[in-house]
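What follows draws every value from the coordinates through simple rules; no lab data is involved. None of the values given here were measured: they were computed from a predicted structure. A quick note on method: Cβ atoms are made from the backbone with ideal geometry, for glycine too, and the neighbour counts reach across all protein chains shown.
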Amino acid sequence: MLHLKVEKMSCGHCVQAVTKAVENVTGVEKADVDLAKGEVTITGNADIAALIAAIDDAGFPARELA
């Protein structure tokens, strides 16, 4: 399970955009986006760099949580 911090999410549309971006990455089984925390939890074996790039491409800066 991977946990990413996602910046600039402010509404349900943002959550949908991030969810769609993450779910299009190979290896993602499930993505749970938490708007209040600004985080996404990913289940599967996706590449972390690919996930961050996909979220960044959707317009939301992302980074891995420690």
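Whether any residue in the range 15-37 is polar (S, T, N, Q) and assigned to a strand (DSSP E or B) is what I want to check. There is no residue in the range 15-37 that is polar (S, T, N, Q) and assigned to a strand (DSSP E or B).
Filtering the range 38-66 to residues that are part of a helix (DSSP H, G or I) and either closer than 17 Å to Ser10 by Cα or of a type outside the set (Gly, Ala, Ser) (or both) leaves Ile48, Leu51, Ile52, Ile55, Asp56, Asp57. Restricting attention to the range 28-66, the residues being surrounded by fewer than 16 Cβ atoms within 10 Å (Cβ to Cβ) and touching a residue at least 40 places away in the same chain (Cβ under 8 Å) number 7.
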